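Written below as structure tokens is the structure these notes are about.
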Ligand code: PGA
């Protein structure tokens, strides 16, 4: 299966930005700019913005996602949000295992795996983030790190479930730093991820998975990154908060 047959997906990861009112405004600005996109367009927004975002994008080609979820259906988990809550509010996607969750909130491959399994069981599509630290790249263990994350984060995920999984390769050193991986670096690791998926499942299953690059992707470098055969889309932080920049990346992915 070649790249043209995989779903290109551009997803905004708003992180802890925008109130519900601001979310409505930003999505209102994005909507007309991406209306004829030839790729999937997603905005992953803070929990409290979800209802407003779903309402603001009703009847459009923009899909809404959350930025995390818990694995239990309900219970004594103060501050957490369940997959059922996300489904009911109209979220279709959920970012899991983002490096900021791993770095600042103690997320581990085990909890990423639990969340991934729960999201899939609830009918949400997880965007599972993997990526190496700068120190790990310098020590030449990028492939070991990625292989371990892919294996553990997708532990017990069936081949059927894999069809609903999106992988985001986000080198931690490139996130929010303005330091983008070169297109060749991004391609190298995205291809490696696909090879790992082929090992864990099979080549056909691996060829069908959308693998995004994330880390300072913007309107200036999107063309080159998305031109790579194993880079099927982008998970966009900073640039997703500016309608014109986000729309330009969507346009690059639509080619
Ligand atoms: P950035 O963030 O585009 O601001 O680097 C990407 C991400 O964290 O998903």
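Quick notes on this one:
- Scanning the stretch 55-80 for residues that are without any contact (Cβ under 8 Å) to a residue 60 or more places away in the chain and either under 16 Å from residue 125 (Cα atoms) or not in a loop (DSSP other than H, G, I, E, B) (or both) returns 55, 56, 62, 63, 64, 66, 67, 68, 69, 70, 71.
- In the stretch 203-237, the residues that are touching a helix residue (DSSP H, G or I) at 6+ places or on another chain (Cβ under 8 Å), surrounded by fewer than 24 Cβ atoms within 10 Å (Cβ to Cβ) and assigned to a helix (DSSP H, G or I): 205, 206, 207, 223, 224
- Test set (1) touching a residue at least 60 places away in the same chain (Cβ under 8 Å); (2) crowded, with 17+ Cβ neighbours inside 10 Å; (3) more than 24 Å from residue 244 (Cα to Cα) - residue 3 fails condition number: (2)
- When residues in the stretch 204-237 are screened for being farther than 16 Å from residue 3 by Cα and more than 14 Å from the ligand (Cβ to nearest atom), 0 of them pass.
- So residue 200, is it more than 13 Å from the ligand (Cβ to nearest atom) and either within 22 Å of residue 63 (Cα to Cα) or out of contact with any helix residue (DSSP H, G or I) (no Cβ under 9 Å at 6 or more places or on another chain) (or both): no
- For the stretch 101-119, a residue qualifies if it is surrounded by fewer than 21 Cβ atoms within 10 Å (Cβ to Cβ) and either part of a helix (DSSP H, G or I) or on the phi < 0 side of the Ramachandran plot (or both), and the qualifying residues are 101, 102, 103, 104, 105, 107, 108, 109, 110, 111, 114, 117.
- For the stretch 180-190, the set of residues classified as closer than 16 Å to residue 144 by Cβ and more than 16 Å from the chain's Cα centre (by Cα) consists of 188 only.
- Lone unmet requirement of (1) touching a strand residue (DSSP E or B) at 6+ places or on another chain (Cβ under 7 Å); (2) closer than 28 Å to residue 18 by Cα; (3) part of a loop (DSSP other than H, G, I, E, B) for residue 177: (1)
- Here is the figure for the stretch 159-174: residues that are part of a helix (DSSP H, G or I) and crowded, with 21+ Cβ neighbours inside 10 Å total 2.
- Qualifying residue in the stretch 175-184 (condition: closer than 26 Å to residue 240 by Cβ, at pLDDT 95 or above and either crowded, with 18+ Cβ neighbours inside 10 Å or in contact with a helix residue (DSSP H, G or I) (Cβ under 8 Å, 6 or more places away or on another chain) (or both)): yes
- Matching option when the condition is modelled with pLDDT of 95 or more, in contact with a helix residue (DSSP H, G or I) (Cβ under 7 Å, 6 or more places away or on another chain) and surrounded by fewer than 18 Cβ atoms within 10 Å (Cβ to Cβ), among 75, 97, 28, 12: 28
- Of residues in the stretch 127-158 being surrounded by fewer than 14 Cβ atoms within 10 Å (Cβ to Cβ) and assigned to a helix (DSSP H, G or I), the one nearest to the ligand (Cβ to nearest atom): 134
- Contacts under 6 angstrom Cβ, first residue in the stretch 177-188 being closer than 12 Å to residue 227 by Cα, partner more than 15 Å from the ligand (Cβ to nearest atom) and at pLDDT 90 or above, 6 or more apart: 183/224; 183/228; 187/228; 187/230
The values are calculated or read from the model by the stated rules, or taken from the named source; none is laboratory data. Fair warning: this is a prediction, and the values are worked out from it, not measured in the lab. Backbone-built Cβ (ideal geometry, glycine too); neighbour counts: all protein chains shown.
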